[in-house]
Structures are given as structure tokens and as C-alpha cells.
Amino acid sequence: MSAPRTTTGRGPLRRAAAGLRWYLREVSGESRWDDYLERCAADGRTPMSRREFERHRADLREHQQTGRCC
């Protein structure tokens with residue numbers, strides 16, 4: 001008879017991996033696409049393509065006046 005397998009080490013590891021994934025998605029801006037799709041669905045609008053969305057975000061960053069040195 002073999003000893004029963006325990007999964008005590010897998011729970012914290014999975015939580016850590018999920019936390020790391022969440023953090024990377026937030027930092028990289030990947031989650032903004034998902035948020036945008038949810039807003040469009042809630043408002044009943046047709047979302048723009050992913051390429052258009054990223055271009056729009058880039059345009060906003062380029063033209064937004066922020067406190068910078070140059």
C-alpha cells in the first residue's frame with residue numbers, strides 16, 4: 001500500500017503563480033483589453049479590433065501632457 005498523496009504544496013504554488021500572472025498582466029496593460037471588452041459588452045457596443053485598441057492607447061500616451069523633463 002502506498003501513502004496517500006498530499007497536495008499541500010500545490011495550493012500555495014498555484015496561488016503564487018496566479019498572483020504573478022495577475023501582476024504581469026496589470027503591469028503590461030494586458031488586462032486593459034479585457035476590461036475594455038467587458039465595458040463594450042455592458043454598454044452593448046461593438047468593440048474595436050485589438051490592433052485599433054492598442055493604436056488608440058499609444059496615441060493617447062503620445063499626446064497626453066504629463067510631467068516629464070523633455
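Nothing in this text is a laboratory measurement; each read-out follows from the coordinates by a stated rule. Just so it is clear, the structure is predicted and the values come from calculations on it, not from any experiment. Cβ placement follows ideal geometry from the backbone for every residue including glycine, while neighbour counts extend to all protein chains displayed.
Looking at segment 30-60, the trypsin sites (Lys or Arg not before Pro) that sit in a DSSP loop and have at most 14 other Cβ atoms within 10 Å of their own Cβ are ARG45. Taking label points 7 Å from Cα along the Cα-to-Cβ direction, HIS63 and ALA41 give a separation of 3.0 nm. Give me the net charge of SER31's neighbourhood, meaning all other residues with Cβ under 12 Å from the Cβ of SER31; Lys, Arg count +1, Asp, Glu -1. Spelling it out: positives minus negatives among the neighbours equals -2.
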